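Below is one structure, written out as structure tokens; comments come after it.
The numbers here are math on the coordinates, done by the rules we state, and not lab data. Predicted model only: the values in this text are computed from it and were never measured. In this analysis, Cβ positions are derived from the backbone assuming ideal geometry, glycine residues included, and neighbour counts consider all displayed protein chains.
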Amino acid sequence: MTRFAQDPADLPDRAMLLSMSGMEFMQAMLAGDMPEHTIGDLMNYHLDLVEDGRTRFRGVPTFGHTNPFGQVHGGWYGTVLDSALGCAVMTLVPRGRWYTTLEYKVNITRALPVGMEIVADARVLHAGRSTAVASAELCGVADGRVYATGSTTCIILAG
């Protein structure tokens, strides 16, 4: 199986998703038994770690991810952080339920150089019956500096 879905038919259907816990789903994605999110292919990042209430993504922004000034576009930071945050929440979603993002926030603390490898590490701070809250940091691998932070609130819904 390719790392990223290439066609809608590659994606799991709703029945399959609801038959698995969020952790099972995320572990299958990490193992390559289920394709990763297609946006990761476009934005050049991928799932790197899955634990209870935690995920980590790795990626590298390219020139194609820049704004008209040649800087990494804020949407790149936001997309990577949104994936890490939501997937961290997903690890705690029980079988027969699913989640969706209610809101997320990104704080860019410094300009990320094109070509710098990053990790986006997200952790769940609260997971209740109907909502979950998570936070994340996007850091340079080479320098360990924080380039952005993010937070999310997700709603957990019955299947």
**Report entry** Listed residues 125, 85, 42, most fluctuating in the chain (Gaussian network, C-alpha, under 10 Å)
**Finding:** 42
Report summary line: Helix 74-90: inclination vs the chain longest Cα principal axis, degrees, rounded to 10, gives 30
Query raised in the report: Cα extents of segment 66-140 along the three principal axes, largest first, in whole Å?
Result: 44, 20, 18
Query raised in the report: Between 67, 115, 138, whose Cα lies farthest towards the positive end of the dipole of segment 39-159 when Lys and Arg beta carbons carry +1 and Asp and Glu beta carbons carry -1, centred on the Cα centre?
Result: 138
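In debye, nearest 20, what is the charge dipole magnitude of segment 2-159 about its Cα centre with +1 on Lys and Arg Cβ and -1 on Asp and Glu Cβ, if you could check?
On the way: 12 positive and 16 negative charges, 91 e Å.
For this selection, approximately 440 debye.
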Query raised in the report: Residue separation times 0.36 nm, minus the C-alpha to C-alpha distance between residue 4 and residue 133: what's the value?
Result: 43.8 nm
**Report entry** Between helix 22-31 and the chain: long-axis angle, C-alpha atoms, 0 to 90°, nearest 10
**Finding:** 60
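Using only alpha carbons, build the gyration tensor for segment 8-158 and give me the equivalent ellipsoid semi-axes, biggest first, whole Å.
Output for segment 8-158: semi-axes of 27, 17, 13 Å.
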Requested in this report: Return the calculated 222 nm mean residue ellipticity for the chain, to the nearest 500 deg cm²/dmol, obtained by summing -39500 (n - 2.57) across DSSP H runs with n ≥ 4 and dividing by the residue count.
Outcome: -7000 deg cm²/dmol
